[in-house]
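The values are calculated or read from the model by the stated rules, or taken from the named source; none is laboratory data. None of these values were measured; they are calculated from a predicted model. Surface accessibility is based on the protein's heavy atoms, side chains included, excluding ligands, DNA and RNA. Shrake-Rupley method; radii C 1.70, N 1.55, O 1.52, S 1.80 Å.
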Amino acid sequence: MVLETPFVAALNHVLRTEAWAREKLAPFAGEVVAIRAGPLPALRLRIEPGGLVGPGEGEASLTIEVKGDAPAALLKGEDHFLRAVEVTGNARLADAVMALARHLRWDYEEDLSRLTGDVVAHRVGEAVRGIAAWAPDAGRRFSEAFAAYAADEAGFLLDRPRLEEFKAQVAALRDGVERLEARLRRHG
């Protein structure tokens, strides 16, 4: 119940801005959706008449198990998050919920513009998008730099040319041992 209240409020805020989304959920009024995401407590949401949601109790008509990097992908608006989601239960409701997950987005710039004005909201939006784009790039660059350090400076990893050279030396040694064994068999 701790997470449901803010989640319900946030989801309803977004649903109120999109009539098509409420229309998609309205036929499922009264049904309960359970959402499980790793170590977080399970969320139970009841679909209300009119397509909004509220805290839910009772048996779930649909259970959504979120795995892997789905939450991060969803926040970045990427579609591959759906591959990390396991859905069981009412197939029609699952189709509706997955369509919402694919297409429903919070326009945080619009909400922020009501408080700060359009220019500031747009600048903040640009900054958020920049940070979201920077993080994976920074991670990639860090891993490349660490691999180079580990190979060149610390010497505990082999870079591709040294690995290929090592493989060639092992193959030459193996061939030499095989020739020596063959010679010993002939003479012994």
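Shape class of the range 11-61 from the Cα gyration tensor (axes a ≥ b ≥ c, square roots of the eigenvalues): oblate, since a/c reaches 1.5 or more and a/b does not exceed b/c. In the assembled protein chains, Thr17 presents an accessible area of approximately 80 Å² (probe radius 1.4 Å). Rolling a 1.4 Å probe over the protein chains gives Phe7 an accessible area of about 80 Å².
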